[in-house]
Amino acid sequence: MCESDLHFDDLPFELVCEIFDYLPLRDVKTASIVCQRWNAIIFSEVYIHRFQLQLNLDYSLPVLKQMAQLLEASDREYYSVVLRANLGSPLTDARLRIVKLMIRLLAHRSESLYFNMADFRIESCVSERLLRGRKLQVIDTRAKYIPLGMGLKESMLAAICEYAVDLVDLVIAEMNINNPKALVPLSLLKHLKLLLISDYYPYLKPPEPPIDLPSLENLSLIKVTDESCHYFRVDNLKRFFIHSTGTDAPRTMDFITQNITRVNRLCLHFTARSIQAEVIFGWLDRFPNLLALELAGVALPGDVLKQLSPVNRLQKLIFVSCHLEAMQLDGLQEKLSKLRLLCFDGCSLFHKQSGFHPVHYDDIEKLRQVLPHCRIMLDYD
């Protein structure tokens, strides 16, 4: 063959992988958008595994110190890091040093992170097309039913807040923690705009919110106690979502309105049908900027709007998985004169002869006549 006939694309898969190995990870990401073949090679399962690092944290102290020194001196970047450890043994400084080092490498320049505390797993939440996501996971070498490793969970979260100070989005899933001080390091994340937390159970109300997040715009608390609302100072919040484990709607609304009132979108999800939904509407006058309300998991009597002030500014009202006594709610037209969208997502309607059935398009036809300027939907995206 003539030299002019040779082309990079003629090289076999294995050789191309060897060439890409000489590139730092940021250049590999750039190479992935050069052409379809390079993208297919770089995002193939075979090549991605070349960026995986597995370490055993159960080694002796001298070995762990040597491992930490080698990792600190290396400029190699990894797609996936798996740390194996007996989480029932003491969290020594040497083990924690390696964990923090891996978190620092993972969080550096990351804007979005997902931290699953139950799995001890941290991932960067970014588009694979533009920037390959990275992952760190600590695997317990013992039986999984032993509930230990709480100190490691909190240390990993503290390391995220220390090394990823430019984070914009953070998801902390399956915390299963009731320590009220566990989330205090979040105050270091001054650029954070979105925060989602699940399974957080503090039972003490602090005198002042200990977590100050001045840039936060979107806060979601899923499967939490009502007291968790008091742990965040969020002066610029636009959207607040809470899935409360409580069954006392007045108490839940009281806790929310003591600290979070400037939002323009409020999402309230409950798990008990016995929640007094009409009481919730009576508290809405505490939210002067509220434009959208999402209410889920409650029973809606026909007079559910009786405590709603007619001067409200609601433009969107979304019911999710609610049980309705009637579609024609009392005072609907008078009290929701500014409403532009009304949605019944996964809701059920009571029929005298057959009980509750899913709401159908025929059920909302009369509402369209009563609210001609309002868009009425059965599903909300």
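The values are calculated or read from the model by the stated rules, or taken from the named source; none is laboratory data. What you see is a predicted model, and the numbers here were worked out from it, not measured in a lab. Ideal geometry is used to build each Cβ from the backbone, glycine not excepted, and the neighbour counts take in all protein chains shown. In case anyone asks, the SASA skips ligands and DNA or RNA and just uses the protein heavy atoms, side chains included. Shrake-Rupley method; radii C 1.70, N 1.55, O 1.52, S 1.80 Å.
Structure notes:
- Failed item in (1) out of contact with any Cys (no Cβ under 7 Å at 6 or more places or on another chain); (2) open to solvent by 20 Å² or more (accessible area, probe 1.4 Å), with Met377 passing the rest: (1)
- Taken over the stretch 16-30, the criterion of being more than 27 Å from the chain's Cα centre (by Cα) and either surrounded by 12 or more Cβ atoms within 10 Å (Cβ to Cβ) or at pLDDT 75 or above (or both) is satisfied by Val16, Cys17, Glu18, Ile19, Phe20, Asp21, Tyr22, Leu23, Asp27, Val28, Thr30.
- Those helices (runs of 4 or more DSSP H) lying entirely in the stretch 31-140 with at least 3 residues at pLDDT 80 or above and open to solvent by 40 Å² or more (accessible area, probe 1.4 Å): 36-42, 61-73, 93-107
- Qualifying positions in the stretch 296-318 - out of contact with any Lys or Arg (no Cβ under 9 Å at 6 or more places or on another chain), under 19 Å from Asp248 (Cα atoms) and among the hydrophobic types (A, V, I, L, M, F, W, C): Ala296, Leu300, Val304
- Leading residue by the ranking (most open to solvent (accessible area, probe 1.4 Å)) among those in the stretch 160-173 that are among the hydrophobic types (A, V, I, L, M, F, W, C) and not in a helix (DSSP H, G or I): Val165
- Matching residues in the stretch 219-237 - criterion: being open to solvent by 40 Å² or more (accessible area, probe 1.4 Å) and over 16 Å from the mean Cα position of the chain (by Cα): Arg233, Asp235, Asn236
- Of all residues in the stretch 174-218 being hydroxyl-bearing (Ser, Thr, Tyr) and crowded, with 18+ Cβ neighbours inside 10 Å, the one that is modelled with the lowest pLDDT: Tyr200
Matching residues to (1) touching a helix residue (DSSP H, G or I) at 6+ places or on another chain (Cβ under 8 Å); (2) not assigned by the TED database to the domain that holds Asp166:
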position: Val184; (1), (2): no, no
position: Leu189; (1), (2): yes, no
position: Glu208; (1), (2): no, no
position: Glu227; (1), (2): yes, no
position: Phe255; (1), (2): yes, yes
position: Arg262; (1), (2): no, yes
position: Phe270; (1), (2): yes, yes
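- Residue count, the stretch 325-349 (criterion: modelled with pLDDT of 90 or more and either under 14 Å from Val298 (Cα atoms) or among the hydrophobic types (A, V, I, L, M, F, W, C) (or both)): 10
- Out of Lys338, Lys238, one residue alone is of a type in the set (Lys, Arg) and farther than 30 Å from Glu365 by Cβ. It is Lys238.
- Cβ separations smaller than 7 Å between residues 6+ apart or across chains give the following pairs from the stretch 24-48 residues that are within 18 Å of Glu14 (Cβ to Cβ) and not assigned by the TED database to the domain that holds Val81 to residues that are assigned to a helix (DSSP H, G or I) and acidic (Asp, Glu): Arg37/Asp9.
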